[in-house]
1. Convex hull over the Cα atoms of the chain, averaged projected area in nm²?
2. When only DSSP loop residues count, what trypsin sites (Lys or Arg not before Pro) in region 34-71 have their Cβ near at most 15 other Cβ atoms within 10 Å?
3. What angle do you read, to the nearest 10 degrees and between 0 and 90, between the alpha-carbon axis of helix 34-51 and the longest principal axis of the chain?
Amino acid sequence: MTQANVYSVLSLNKNGRVIESQFTHDRILSQMNKSEIEMICMQRTLQTSLGMEFNELIGPLNCITIERETMFELLFPYSEGVIFVICDLDVIPRYLSKKILFIIRDFEWRSKNLIYEQI
């Protein structure tokens, strides 16, 4: 898997607004207008939020994978909102999601420890 297989990575806040984004070889979002991008981001945030309603009952939500005819969408809840990844069908979603989850958990662990060190 190369970077070319990942089209877009967006960090969304809890309201579905884009906080940060990175695009490489994007052929999906570049075809959408601003309101369509806002709508898909809000929809993905809502979808993730609804999935997290069952965290207490069946365990925390790690990732949502959506397969379309032209791409995979991966959604990762984290403390600030949702990481929304759009990638090529050539990726192995389980492999990529494990790598991304490791990065998110490492980042959140380091952030938490920095806060405790400053107190």
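Computed from the coordinates by the stated procedures, all read-outs in this text should not be read as laboratory data. Because the structure is predicted, anything quoted here is derived from the model rather than measured. Please note: Cβ atoms are built from the backbone with ideal geometry, for glycine as well, and neighbour counts cover all protein chains shown.
1. 8.4 nm²
2. Arg68
3. Roughly 50 degrees between the two axes.
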